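Notes for the one structure printed next.
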Amino acid sequence: FLYFIGGRAPPVAAVVVMASVKVLVHAAQGLPIMDSRSRLCDAYVSVRLDDKDEQSAVVQNSRNPTFKFYAKFVLTELYTLQEDPLEVRVYDRDRIMDDLIGTVFVDLNLMLQSDATPRIEGWFPIIDPFEGLHGELHLSVDQIPRGG
């Protein structure tokens with residue numbers, strides 16, 4: 001049992017939502033051959049922002065997978081848009097250990113500079129730091145207005 005002096009619980013700090021970011025991973029194209037037998041790959045994406053991760057389903061047997069994967073991130077600190085890039089990692093699912101195909105980083109600072117509805121969309125290069133370009137990823141990133 002908890003007892004409070006005066007019979008009241010201390011006030012609880014309210015969480016204020018400063019921004020929400022909606023990410024739609026449409027598709028990838030030109031992924032490398034990851035399975036020597038099928039000459040294809042079993043791709044999925046992991047989207048990370050502000051120490052939170054969301055993971056798509058695996059699209060099997062394709063070097064040009066369509067994900068149509070949606071993730072929403074609720075941010076309590078607006079500076080996250082200024083300081084933390086959106087990180088999208090593309091993996092190949094394997095039985096023993098999944099292989100990293102490459103990573104896309106998106107600078108969300110651009111969303112704060114827009115007068116219109118803040119949106120970033122396009123094909124982004126998937127980069128492996130050791131082997132270079134490993135295809136492209138089609139993304140849409142929207143900032144949802146406060147309360148939206």
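Numbers at a glance
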quantity: Strands (runs of 3 or more DSSP E) enclosed by the range 34-148 - at least 1 residues per element that are in contact (Cβ under 8 Å) with a residue 40 or more places away in the chain and over 16 Å from Ser20 (Cβ atoms); calculated: 43-49, 66-75, 86-92, 99-106, 119-128, 132-144
quantity: Residues that are of a type outside the set (D, E, K, R), surrounded by fewer than 17 Cβ atoms within 10 Å (Cβ to Cβ) and over 13 Å from the mean Cα position of the chain (by Cα), drawn from the range 63-78; calculated: Asn64, Thr66, Thr76, Leu78
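Values in this text are rule-based calculations from the coordinates and carry no lab data. Values in this document were obtained by computation on a predicted structure and should not be read as measured data. In this analysis, Cβ positions are derived from the backbone assuming ideal geometry, glycine residues included, and neighbour counts consider all displayed protein chains.
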